[in-house]
Amino acid sequence: MKRLPLLLVCVIFAACQQTGKHIGGTDSTATQSTDADTAAQVTYTGTLPCADCEGIVTELTLHRKPETSFTMKETYLGKNQTFPSEGNYVVLHGTPSDPSATVIQLNPDKDKNLQRYFQQVNIDELKMLDIEQRVIESNHNYTLKKVL
C-alpha cells in the first residue's frame, strides 16, 4: 500500500509525456496530465529560506482535476504572516543544466515575477529553482517533501 502513491506519481508523469505544449522563449516542453486515473492532488511541504525572517513554512498542493491548478500557503516564521496563493501550473521537461529534469512551473500565464519553478528531485521531493530554472547555490534548504 505504501507504494501506491509512488505508482500514481509515475503514472502522472508518464501521462504528461503524451501531450505537449511549447512555452515560448525556452527550450523546455510543457505538458499537462489528462489521465483520468491519476490522483486528484498531491501536497508538498517544507520550510524555505527567508531573507528577513526565520523561514517560510510552505505548503504546495498540486491539483490535477479538472485542470492542473495549485494552491500554496506561505507562513513567515517570526512574523505571523500567512499568504495564500493559487493559479495554474505546467510540467516542463528539461532545464538549462539538466535536459532530463522534470520541472513544475507555477503561474506560467502570469508575469515572470509571479512564476516559480520546482524541480522533481525524486518521487517524494521537489526543489525550488531560481527564475532561470537553475539550481539555487546555497547552504540553505530549498526542498519541499511530499505529505503522505
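Quick note: the coordinates plus some simple rules give every number you see, no bench work behind them. In this text the structure is predicted, and so the values were computed from the model without any measurement. Here Cβ is always computed from backbone atoms with ideal geometry, including for glycine, and neighbour counts include all displayed protein chains.
Work out how much length Lys112 to Glu74 would gain on full extension: take 0.36 nm times their residue separation and subtract the Cα-Cα distance, in nm to one decimal.
Net length gain for the segment: 11.8 nm.
Which links in Lys73/Lys110; Lys112/Lys146; Lys65/Lys110; Lys79/Lys112; Lys65/Lys146 stretch past 23 Å when you go from one Cα to the other?
Beyond 23 Å between Cα atoms: Lys112/Lys146; Lys79/Lys112.
Can you tell me the FRET efficiency between Phe83 and Asn122 if r is taken as the Cβ-Cβ distance and R0 is 30 Å, rounded to the nearest 0.05?
Given R0 = 30 Å and the Cβ-Cβ separation, E is 0.60.
By per-residue mean of other Cβ atoms within 10 Å, what is the highest-first order of 85-91, 133-139?
85-91, 133-139
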